[in-house]
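The structure under discussion appears below in the form of structure tokens.
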Amino acid sequence: MDHHLASDSPQVRPRWRKVAYGGMQPGFDDNHTDESFLEGMVMNANVVRRDMLKVMLDSVSISEYLCIVALVVLVWTYTLESTIDENRLLCIDVSLLVSGFLILLFTREKISLSILVHHYFLNISFFIMGLYVLAPIYQTLTRSISSDSIWALTVSLLVIHLFLHDYSESTVNAPGALKNPALTSCISVNASVVASVFIASRLPSRLHVFAIMLFSLQVFLFGPLVTCCIKKYSFRLHLCFSISLMVVTLSFVYMLRCLLFVLLLSLLVFVNVVCPYWLIRIQEYKFEINGPWDEAKLCFAIRD
Amino acid sequence: MDRKKYRIMMVSDFFYPNFGGVENHIYYLSQCLLKLGHKVVVVTHAYGNRSGVRYMTGGLKVYYVPWRPFVMQNSFPTLFPSLPIIRTILIRERITIVHGHQAFSTLCHEALMHSRTMGYRVVFTDHSLYGFSDAGSIHMNKVLQFTLADVSQAICVLHTSKENTVLRSGLPPEKVFVIPNAVDTAMFKPAVVQPSRSEIVIVVISRLVYRKGADLLVEVIPDVCRLHPNVRFIVGGDGPKRVWLEEMREKHSLQDRVEMLGAVPHAQVRSVLISGHIFLNSSLTEAFCIAILEAASCGLLTVSTRVGGVPEVLPDDMIILAEPDPGDMVLAIERAISMLPKVDPQVMHHRMRELYNWHDVAKRTEIVYDRTLKCPNQNLLVRVSRYLYCGVWAGKLFFVVMIVDFLFWRLLELWQPAEDIEEMPDLTLPHISNKETLQKTE
């Protein structure tokens, strides 16, 4: 391949070509930078442009989950102080179960009564039976551990749970779900279950233990599924539900302790207002670079 | 014109007895520079028992510094403790230019840092392409920014590599020279007797990993075998994806049409290549791909994926490019098969001798060295203040690191003065003096 022009005039030099073969290109130094330099570079191709209002509305699901966890901790505190006795707790459990089922029935398009009975009802009954049978084990599990360690562990486990929780979709999926849950969401579910077990082990009687375990597991395992279904069904319903939940939680926490109320309020404000603003501000500095040097993406599924 | 002779120190973690692109580059470049009359010394870390000073062909002196490799053939990053030994070697050999290779080599970065502290001229060659988005690349790019903040000139092996390096390090493009690798055409000659064209043989030699496109091979080979009954494949190389290739062979009953050779030692690559007509490269990312040059030098027509710098490497009548998609690659192989009757391996080999030549690479590198020595040597504060531009926090950290390095160097000058380090006299090799006596007796 010849890149020397068969030219008569010595002033016309051949065009610079972006090739590596053939040695030094005549008339050009090796550090010659052409106008075509960096023309294959693509900037910010995959960046999503975000709107402040949308980000704030999306962050409502995070604060909704924070309130749910706050309510669970509230119920735990009241149970440990014996403000709520076991019968009341059992009533709470049953009402939560029934309302959860009703919400699922009304909001999922593909569900029918037969699926409800066969899949959910049977599984839930086995689940409850198993919990009741295993309650004595939980009761004596941490008898030799001091209370301080239990509170410290529970708090750290809940923090891990909140940190690693999958806020976009639920880990426990309804039948017919395609994607497998990610590692971090499995870790968060496990953390919440272990925290519930620790709290349950501090309670006096078997019925107490069973009731609190049922309550905690209902909320942690099925709560995300229910909120996910509400969100998918209607955004407005989701918004109303979240705001009412926040109001209810804040009032209950206020009745318990003022300091915790202030903390929870500031956390909700931080998540809902400060973080979206921060995100929008630093998005301006995003500089994503793609070009011919990137590894090619295969268009078919590979096997490992 | 009597050119000035330089005393060059090549430094990298990657050298013989390891085999690879960077190792070959350093070795061949050093040999050609030695032939041009310069003095070259190579510094690398110890490989197993191979520690100390060794002499290779042509009087190439190699310092195997006694450090153990830490991960992926890199020595453990020790920042300041490497200053004494680098200083000793630089003074002992009376080095004028330090040439570092490969951004992934910790020894290279440290040696360049210390050389700049001591005021030597520094050239850096980058051999790979890196991304920008994953954690490893981000850290690597920051380290590269540090090293290249004060380098005299930089060399990249392809124009795509130059764009990548300029973006990663923030160097001005005028400081980056593009000097490609070359191939030892004397070692890769086509077969004296060509294999018969009645059965077309396609050769694949690569590590069978995801990056090298082994998954594409699994999709492409059955389609090609189905469409062209006279085509045979030879697959050399080993890796985690070999299992899938074997499975593909079994599934489509291609045991007699696809031959799996396993890992091919470098000395036998030529004999595998000359048994074929077409070379297939299916990598998903490739900085330079010497394998393509070796295949072209042996007279094979190349079919490759259009990734990285591959489009710049060979002219259009010696390579056929395809997108990294199985359908497109099958079409490209068909085009190659139809082009095969017009291809003459000997002609291709002679053309490769013109297109790629290590002596040409050495001459162009010499020009870079000339340019390096013309750069004014600024005083310490001007040089070190360049590091402040590396970033808000990183800049200040790098500044402090360089100041500490400078103070350590001054301490060493007091403690172990340069006059006490014995300078190495230049050796004259016996084969040169033998040639002279032969000429005298004739």
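Just so you know, all these numbers are worked out from the coordinates, no wet-lab data involved. Note that the structure is a prediction, hence the values are computed from the model and not measured. Every residue, glycine as well, gets a Cβ built from its backbone with ideal geometry; the counts of neighbours run over all protein chains shown.
Multiplying the sequence separation of A:VAL48 and A:HIS118 by 0.36 nm and subtracting their Cα-Cα distance, what value in nm do you get?
21.0 nm
Once you have the Kirkwood Rh of segment B:200-355 from its Cα pairs, apply Stokes-Einstein at 37 °C and 0.692 mPa s and quote D in µm²/s.
It comes out at roughly 213 µm²/s.
No solvent, one uniform scatterer per C-alpha: report log10 I(q)/I(0) for segment B:263-302 via the Debye equation at q = 0.26, 0.32 1/Å, two decimals.
The calculated log intensity ratios at q = 0.26, 0.32 Å⁻¹ are -0.95, -1.18.
Taking R0 as 25 Å, what's the FRET efficiency between B:SER137 and A:LEU298 from their Cβ-Cβ distance, rounded to 0.05?
Computed FRET efficiency for B:SER137 and A:LEU298: 0.80.
Where a Cα-Cα gap under 22 Å defines reach, which lysines qualify for A:LYS232, not counting those fewer than 8 residues away within the same chain?
Within reach: A:LYS54, A:LYS110, A:LYS179.
Loop only by DSSP, 15 or fewer other Cβ within 10 Å of the Cβ. Give me the GluC sites (Glu not before Pro) in segment B:187-279 that pass, ordered by residue number.
Hits after loop and neighbour filter: B:GLU199.
Determine one quarter of the surface area of the Cα convex hull of chain B, which equals its mean projected area, and express it in nm² to one decimal.
Over every viewing direction, the Cα hull of chain B projects on average to 24.9 nm².
In whole Hz, what ³J(HN,Hα) sequence does segment A:39-46 give by Karplus (6.51, -1.76, 1.60; θ = phi - 60°), x for Gly and Pro?
Per residue, the Karplus-derived 3J(HN,Hα) values read 7, x, 7, 10, 9, 6, 6, 9 Hz.
Relative to the Cα centre, what is the charge dipole magnitude of the protein assembly as shown, using +1 at the beta carbon of each Lys and Arg, -1 at the beta carbon of each Asp and Glu, and rounding to the nearest 20 debye?
660
Using the basic label-point model (7 angstrom from Cα toward the beta carbon), what is the B:GLU413 to B:PHE19 distance in nanometres?
In this crude label model, B:GLU413 to B:PHE19 measures out at 4.6 nm.
Read phi for every residue in segment B:400-417 and hand back ³J(HN,Hα) as whole Hz from Karplus 6.51 cos²θ - 1.76 cosθ + 1.60, θ = phi - 60°, with x for Gly and Pro.
5, 4, 5, 5, 4, 4, 4, 5, 4, 5, 4, 4, 5, 4, 6, 7, 10, x
B:LYS363: which lysines have alpha carbons under 27 Å from its alpha carbon, excluding same-chain residues fewer than 8 sequence positions away?
Cα-Cα hits under 27 Å: A:LYS18, B:LYS4, B:LYS5, B:LYS35, B:LYS39, B:LYS61, B:LYS162, B:LYS175, B:LYS189, B:LYS374, B:LYS435.
Would you mind checking which residues have amide H under 5 Å from B:GLN153's amide H? H placed 1.01 Å from N; only 5 or more apart, or other chain.
B:VAL122, B:PHE124
In whole angstrom, how far apart do the alpha carbon centroids of segment A:212-254 and segment B:66-85 sit?
Using only Cα atoms to place each centre, the spacing works out to 56 Å.
Name all residues of segment A:210-244 having a backbone nitrogen under 19 Å from the label point set 7 Å from the Cα of A:LEU80 along its Cα→Cβ direction, giving them as ranges.
Hits in segment A:210-244 for A:LEU80 at 19 Å: A:210-220.
For the protein assembly as shown, what proportion of DSSP beta bridges, expressed in % and rounded to the nearest 5, is antiparallel?
20
Taking chain B as a Gaussian network, where each spring joins two C-alpha atoms under 10 Å apart, which residue of B:LYS396, B:LYS374, B:LYS342 fluctuates the most?
B:LYS342
Count the DSSP beta bridges whose two residues both fall in segment B:200-355, then state the antiparallel fraction as a percent rounded to the nearest 5.
Antiparallel bridges make up about 0 percent of those DSSP assigns within segment B:200-355.
Mind jotting down the distance between the C-alpha centroids of segment A:280-299 and segment A:124-160, whole Å?
After rounding, the separation between the Cα centres reads 46 Å.
Out of B:ILE367, B:PRO326, A:LEU71, whose Cα points farthest toward the positive end of the dipole of the protein assembly as shown (charges: +1 Lys, Arg; -1 Asp, Glu; placed on Cβ)?
Among B:ILE367, B:PRO326, A:LEU71, the one farthest towards the positive end of the dipole of the protein assembly as shown is A:LEU71.
Label segment A:204-263 by shape, choosing from rounded, prolate and oblate, from the square roots a ≥ b ≥ c of the eigenvalues of the Cα gyration tensor; if a/c is under 1.5 it is rounded, and otherwise prolate applies when a/b is larger than b/c, oblate when it is not.
It is oblate, given that a/c is not under 1.5 and a/b is not larger than b/c.
Decide, for segment B:197-280, between rounded, prolate and oblate: order the square roots of the alpha carbon gyration tensor eigenvalues as a ≥ b ≥ c, take rounded if a/c falls under 1.5, and otherwise choose prolate if a/b is larger than b/c, else oblate.
Taking the square roots of the gyration eigenvalues as a ≥ b ≥ c, segment B:197-280 is oblate.
For segment B:1-44 and segment B:381-398, what is the separation of their Cα centres, given in Å?
31
For chain A, what is the per residue volume of the convex hull drawn over the alpha-carbon atoms, in cubic angstrom?
So the per-residue hull volume is 247 Å³.
What distance in nm separates the two pseudo spin-label positions at A:VAL248 and A:LEU141, each 7 Å out from Cα along the beta-carbon direction?
With each label point 7 Å from Cα toward Cβ, the separation is 2.7 nm.
Compute, for segment B:200-355, the length of the dipole vector about the Cα centre, with Cβ point charges of +1 (Lys, Arg) and -1 (Asp, Glu) only. Units Debye, rounded to 20.
300
Mind putting together the pair-distance distribution for segment A:216-304? All Cα pairs, 5 Å bins, whole percent per bin, short to long.
2, 10, 10, 12, 15, 13, 11, 10, 8, 5, 4, 1, 0
Could you run the Karplus curve 6.51 cos²θ - 1.76 cosθ + 1.60 with θ = phi - 60° over segment A:218-228 and give me ³J(HN,Hα) per residue in whole Hz, x for Gly and Pro?
With coefficients 6.51, -1.76 and 1.60, one gets 4, 5, 6, 8, 9, x, x, 4, 5, 5, 5 Hz.
When Cβ neighbours within 10 Å are restricted to other protein chains, what is their mean count per residue of peptide B:157-163?
Mean number of neighbouring Cβ atoms from other chains: 6.
Of B:ILE205, B:ILE91, B:ILE179, which is the most mobile in a GNM of chain B whose springs link Cα atoms less than 10 angstrom apart?
B:ILE91
Which lysines have a Cα less than 22 Å from the Cα of B:LYS241, not counting those fewer than 8 places away in the same chain?
By straight Cα distance, B:LYS241 reaches A:LYS297, B:LYS212, B:LYS251.
Let's test the formula: R0 of 45 Å, r as the Cβ-Cβ distance of B:ASP238 and A:LEU267. What FRET efficiency results, to the nearest 0.05?
That gives a FRET efficiency of 0.25.
Could you point to the residue in B:GLY395, B:LEU158, A:VAL209 farthest towards the positive end of the protein assembly as shown's charge dipole, with +1 and -1 charges on the Cβ of Lys/Arg and Asp/Glu respectively?
The listed residue farthest towards the positive side: B:GLY395.
Does a label point 7 Å from the Cα of B:GLN194, set along Cα-to-beta-carbon, have any residues of segment B:304-335 with amide nitrogen under 13 Å, and which are they?
Under cut-off, by backbone N: nothing.
For n ≥ 4 DSSP H runs only, could you compute -39500 (n - 2.57) per run for the protein assembly as shown, divide by its residues and tell me the 222 nm figure to the nearest 500?
-15000 deg cm²/dmol
Which residue fluctuates the most in chain A, going by a Gaussian network model with Cα springs under 10 Å, if the choices are A:TRP151, A:TRP16, A:TRP293?
A:TRP16
At a Förster distance of 30 Å, what's the computed FRET efficiency of B:ALA394 paired with A:TRP151, Cβ-Cβ distance as r, to 0.05?
For B:ALA394 and A:TRP151, the calculated efficiency is 0.10.
Kindly provide log₁₀ I(q)/I(0) values, in the same order as q = 0.15, 0.18, 0.19 Å⁻¹, from the Debye equation applied to equal alpha-carbon scatterers of segment A:8-138.
One equal scatterer on each Cα of segment A:8-138 leads to -1.05, -1.19, -1.23.
At q = 0.10, 0.13, 0.14 Å⁻¹, what log₁₀ I(q)/I(0) does a Debye calculation on the Cα points of segment B:43-184 give, no solvent, two decimals?
The Debye formula, applied to the Cα set alone, gives -0.35, -0.61, -0.71.
Quick one: which residues, 5+ away or cross-chain, put their amide H under 5 Å from the amide H of B:GLU259? H built at 1.01 Å from N.
Residues meeting the amide H criterion: B:PHE233, B:ILE234, B:VAL235.
Per the Cauchy relation, a quarter of the hull surface: what is the mean projected area of the convex hull of the alpha carbons in the protein assembly as shown, in nm²?
So the mean shadow area of the Cα hull is 46.9 nm².
Which chymotrypsin sites (Phe, Trp or Tyr not before Pro) in segment B:1-95 sit in a loop by DSSP (not H, G, I, E or B) and have at most 14 other Cβ atoms within 10 Å of their own Cβ?
Filter output for segment B:1-95: B:PHE19.
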